[in-house]
1. On the basis of being assigned to a loop (DSSP other than H, G, I, E, B) and surrounded by 12 or more Cβ atoms within 10 Å (Cβ to Cβ), does residue 170 make the cut?
2. Any residue in region 26-54 that's on the phi > 0 side of the Ramachandran plot: show its pairings with residues that are outside any strand (DSSP E or B) and more than 13 Å from the ligand (Cβ to nearest atom) at Cβ separation under 7 Å, as long as the two are six or more apart or on different chains.
3. Looking at this structure, is residue 46 buried (at least 16 other Cβ atoms within 10 Å of the Cβ), among the hydroxyl-bearing types (Ser, Thr, Tyr) and within 16 Å of the ligand (Cβ to nearest atom)?
4. Between residues in region 63-88 that are loosely packed, with under 14 Cβ neighbours inside 10 Å and residues that are not in a strand (DSSP E or B), which pairs lie under 6 Å by C-beta distance while being six or more apart or on different chains?
5. Condition test on residue 143, is it part of a strand (DSSP E or B), of a type in the set (Val, Ile, Thr) and within 16 Å of the ligand (Cβ to nearest atom)?
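Read-outs: derived from the displayed coordinates by stated rules, not from any lab. Everything numeric in this text was worked out from a predicted model, so none of it was measured. Please note: Cβ atoms are built from the backbone with ideal geometry, for glycine as well, and neighbour counts cover all protein chains shown.
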Amino acid sequence: MALQLGDIAPDFEQDSTEGTLKLHEWADGKWVVLFSHPKDFTPVCTTELGTVAKLKPEFDKRNVKVVALSVDDVDSHKKWAGDIEETQSTKLNFPILADPDRKVASLYGMIHPKANDTLTVRSVFVIDPNKKVRATFTYPASTGRNFQELLRLIDSLQLTDSHSVATPADWKDGDDVVIVPSLQDPDVLAKKFPKGFKAVRPWLRLTPQPNK
Ligand code: BEZ
């Protein structure tokens with residue numbers, strides 16, 4: 001069965017551009033983004049890896065470690081890294097897993113046979129410090145992912161954990177957020193949301209983003 005939200009992210013040991021990587025140990029109590037690429041030396045993947053390398057300070061700020069995966073071997077990844085560096089004007093600053101035996105791809109359901117029998121689709125897994133899968137999304141090989149959206153998603157997950165709020169459609173950092181419906185105690189509401197809130201409906205309550 002496919003991995004579902006709330007599942008523990010399966011642990012594995014696999015070779016990478018930064019040596020053997022054991023996922024749970026490597027996570028080191030941080031958030032993890034694990035994202036797959038169909039193949040080395042492909043144009044869309046190359047732009048994605050360059051984009052993520054440039055965003056490293058944004059992931060660091062959020063306490064997130066990033067690891068990519070492609071089904072080719074480490075030698076191929078290392079050669080590809082040189083091309084990424086030259087064409088995207090950035091150094092790779094996170095590991096790429098080598099998965100020629102499809103061990104990790106199978107564990108995480110990254111191969112969708114009706115799309116392609118042997119190559120991974122563009123899967124993303126956001127894993128929290130308790131090793132739980134908190135979000136996933138999947139794009140086809142032909143569409144590069146929006147990594148600003150990934151950062152927005154992480155911001156939303158972290159706000160939910162820290163402040164019991166949810167984020168509405170098209171929310172951006174700094175916009176009003178939604179108080180989760182399970183919070184009803186007036187004393188708790190007053191304590192958690194000292195700036196107050198607007199009840200558009202009893203079940204639709206907006207409040208200024210609490211960590212701003
Ligand atoms: C790419 O990364 O450009 C790509 C990979 C596989 C199929 C199509 C595009």
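1. Here the answer is no, as residue 170 does not meet what is asked.
2. Pairs that qualify, where the first residue is on the phi > 0 side of the Ramachandran plot and the partner is outside any strand (DSSP E or B) and more than 13 Å from the ligand (Cβ to nearest atom), are 29/129.
3. On the way: buried (at least 16 other Cβ atoms within 10 Å of the Cβ): yes; among the hydroxyl-bearing types (Ser, Thr, Tyr): yes; within 16 Å of the ligand (Cβ to nearest atom): yes.
Considered against the rule, which asks whether it is buried (at least 16 other Cβ atoms within 10 Å of the Cβ), among the hydroxyl-bearing types (Ser, Thr, Tyr) and within 16 Å of the ligand (Cβ to nearest atom), residue 46 comes out as yes.
4. 63/30
5. The answer is no for residue 143.
Residues are listed down the side, and each one gets a yes or a no for (1) outside any helix (DSSP H, G or I); (2) of a type in the set (Gly, Ala, Ser); (3) more than 22 Å from residue 171 (Cβ to Cβ):
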| site | (1), (2), (3) |
| --- | --- |
| 76 | no, yes, yes |
| 80 | no, no, yes |
| 83 | no, no, yes |
| 92 | yes, no, yes |
| 101 | yes, no, yes |
| 126 | yes, no, no |
| 136 | yes, no, no |
